[in-house]
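Following: one structure in structure tokens, then a few remarks.
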Amino acid sequence: MLIGVLALLVMLSAFLVAASRQVVQDTDAATRNRWRQQAFYVAEAGAQYGQAKLAADSSWAGLSAPGKDTKEGNFIVAVSRVDESGAALPASQKRVVATGTCWGATAQTSLILQFN
């Protein structure tokens, strides 16, 4: 009977170790996903920041590193005259590329602005 109880305890311990490892892995994955999402939102804020700056001054050239800190991360903004494929944009357009960073996760977004 004692051997049976010991075997049951060993199996239960192995199950608990495996379950705790899975919980840690799930928690880590959820945290990384949150950071990626937050980096995207920070990049979106950077794109809006760039859009506002260019609306106020069409010669604004961007915001280089270290960029602008937000509560959840930071962003940098580049302004260019080429599209995603490297083709030149018309003279009345500029491309804003914002890169957001949050706890090591990075996301990038871009938009093309039309000027009159």
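The values are calculated or read from the model by the stated rules, or taken from the named source; none is laboratory data. Computed from a prediction, not measured in an experiment: that's the story for all the values here. FYI the Cβ positions are ideal-geometry reconstructions off the backbone, even for glycines, and counts take in every protein chain you see.
Brief remarks on what is shown
- Any chance Thr109 is modelled with pLDDT of 95 or more and of a type in the set (S, T, N, Q): yes
- Among (1) under 30 Å from Phe115 (Cα atoms); (2) charged (D, E, K, R); (3) without any contact (Cβ under 8 Å) to a residue 40 or more places away in the chain, the one test that Asp28 misses: (1)
- Here the strands (runs of 3 or more DSSP E) wholly within region 1-108 that include at least 3 residues being aliphatic (A, V, I, L, M) and surrounded by 13 or more Cβ atoms within 10 Å (Cβ to Cβ) are 74-80, 93-102.
- In region 65-80, the residues that are touching a residue at least 12 places away in the same chain (Cβ under 8 Å) and more than 11 Å from Val97 (Cα to Cα): Gly67, Lys68, Thr70, Glu72, Gly73, Asn74
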